[in-house]
1. How about the stretch 359-409: which GluC sites (Glu not before Pro) there are in a DSSP loop, with at most 11 other Cβ atoms within 10 Å of their Cβ?
2. R0 = 56 Å: FRET efficiency of Leu57 with Ala472, Cβ-based, nearest 0.05?
3. Starting from the 7 Å offset along Cα-to-Cβ, what nm value, one decimal, do you get for the label separation of Ala373 and Trp215?
4. If I take every Cα pair under 8 Å that is 6 or more residues apart in the stretch 224-277, average their sequence separation and divide by the length, what percent do I get for the relative contact order?
5. Please give every one of the lysines within straight-line cross-link reach of Lys204, meaning a C-alpha to C-alpha distance under 27 Å, and leave out same-chain neighbours fewer than 8 residues apart.
6. For a Förster distance of 25 Å, can you work out the FRET efficiency between the beta-carbons of Ser190 and Arg305, rounded to the nearest 0.05?
7. Order the peptides 635-641, 260-266 from the highest to the lowest mean number of other Cβ atoms within 10 Å of their residues.
8. With the Cα gyration tensor of the stretch 267-329 giving a ≥ b ≥ c as the square roots of its eigenvalues, does the rule (a/c under 1.5 for rounded; else a/b larger than b/c for prolate; else oblate) give rounded, prolate or oblate?
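The numbers here are math on the coordinates, done by the rules we state, and not lab data. What you see is a predicted model; the values in this text were computed from it and never measured. Virtual Cβ from ideal backbone geometry, glycine too; neighbours counted across all protein chains shown.
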Amino acid sequence: MRSVRHVGYGNLEIELPGDAGGRISRVPPATPAPEVLPRSGLPVPPPPLSLGREEQLEDARSAMDARRPIEFHAPCGFGKTTLLQGVAADVGRRGVPAVILRAGDDDARDLLQRIFAVFYECDRPMVPTPEQRAEALAGVNAVVLLDDATGGFEQVGPLIDDLPGCAFVLGTPHPVLGRHGVSQSLPGLSDAAARDLVARELGKPLTELTGPEQWAVSRFVDAVEGRPLRLRQGAALVREDGYTFDELTEHVRRDPQTLDRLALDALAEHERCVLATLALTAGLLLPGDLLTVMSDVDGAVEALRKLRRRGLAEQCNDRFGLPVCQADSYRSTLLSCLDLSRAVRELGGWLVACDPDGEEAADAATATVSVIAFVAERREWTAVISLVRAIQPILALKGRWEAWNHVLADGIEAARAVGDQASEALFTNQQGLLALCDERLDAARNCFEKARDLWDDQGNEAASAVARHNLAQLRPAVIQPPSQPQPPTPAPAQAPAPPPAPAGAPAPAPAPQRRVPPRPTRRWIVAAACAAAALAAAIGIGTLVSGGDDSSGGTSGGGDTSSPSPASVAGTYARGEGRAQMRLLLEPTGSDAYRATGTQDGSHGIDAGTCEQELGNEPKTDPTEAVIRHNGSTYTGRFIQVNPGTGGTCRYLAYNVTLEVIGQDTVRMCSEKFDQCLTYQRLD
């Protein structure tokens, strides 16, 4: 059983894990704020690789020098991950730190937290507020390489904006950046590079082959379009199973997927079980000992090495994995080889026993999120519950709160399906913690009351006392630390200068301590169930977790059903302070009607007429026609949020809101789209 741990957030402290759920408490105002410090050891780039990708490396250098994000998109098996590793090694030789992250299904908020954890540490466990994190990341100069970025621009755009000192290189299955950067389709290897790869996989130079055999290699390279994964698989079939390249070429021309089937057919039963385990946890490199217990195969590590030699697995030191793009096909083919219940049980036990602060726990947690989604689709509810119980404290401590919220929702669905009230109460209580941290006090109250009632029904007085304690924290308060930590800009040794600018171009200035970034930044947060941090759109509206809010959920001062005159609410309102401040402008447009426009810190104006709308699933809206009108005790209608884009551009989102007047100088605006309310105070 894990020991109890504490993690701070603003002026709140959460006690985890606890079988009865987490306890949240308010930190006394006199308590010193945690100190955020640059990590002494930054990521070490991998060693240089022989890629046959000199053209792509040069394009990446040019884009980074010009401070433009660049992406390389291609289907599975074209070598995107290897290319990103090569870019990391290349910039490492130039003295610039590089960090490679698999983006996967993580949203922008969790990715920003993961990047923060790479460059900073705290003197005691804490999850930074968006303001603290943005201030710290604004001073980072590095190259961020995002592999398997599948979430569209709303996933990567916030990172680009919140990390103005960083260059970005992406590997994606489909184009993501659009006009926001450089987009290139990654081709297969050139004939020469492909032949070199085949020779390396065969373990002998091609000059030892006869002339016809060398021609056969060239025909095979052409048939698989120089795709590195297929080249490795084909060479392994020739080396291990006696196929000829001419035979493989004929197979591929009839069906490009034949190589997978031939490779799988050549495996022994225990090797298929090990590969099934990799398919279950695809996308991450996991320790061999964990994969051994999950697969229940003696000698699993040797089987993993063999799978690597056959082009069916990836390896880095003692870790092994499978590209996520191969997961679905291998799962459907191999899952019958695996005792799924046992694999899930072993994974859960490993998570409970591991150090939740360790790197292995972070990687295993990411893989477990994917496994939970898979077993939930199969309605393996008991497996879902056990995995959510094991993983949720790790996600909480790591600050992966969007993922935390998602798995809690899966856990609640599973618990209700099997009538597990104890687990439902636990997961509901944890959702209340998230809601309280996000200042959604009504949602937090609902969660804590539901958890209390469930525990009361079970006669669990100790657990019910935890929920009552949490309910007692729901009093009017500002969720903000008593004094903001002052994260220093990393010293030159930890954050070297960015790559040099092209000849004749001015070199980018280093980010001095606490200096406002050279271009506007936003707090991009993807709204999700109980974990949405603010009124945000999926493509990223700046948001603020600190700031005032009405905790009662009532409408004091707004109970009068008579229509207020436009002058009574017209004006400029604000939420938060400094460059993270959110503003709301209410302009009279007629009798009891206002144009409601949101902006961040006022730096980029409020005129949406010159901006491009981020449509998403929303209909096209003319900013001049977006108004809110008096409707009983509230105002309802269309709201415009203006956000800065890249290169001096701007964008806006339009969605329906309800505005309540809750005091002489206070309004609360709620979004129908995001089930979120924010409170604004009138500026003097």
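1. Passing both the DSSP loop test and the Cβ count: no residue.
2. 0.45
3. My value for the distance between the label points is 4.8 nm.
4. Working: 23 pairs, mean separation 16.4, N = 54.
It rounds to 30 percent for the stretch 224-277.
5. Within the straight-line cut-off, Lys204 pairs with Lys80, Lys306.
6. 0.30
7. 635-641, 260-266
8. Rounded is the answer for the stretch 267-329, as its axis ratio a/c remains below 1.5.
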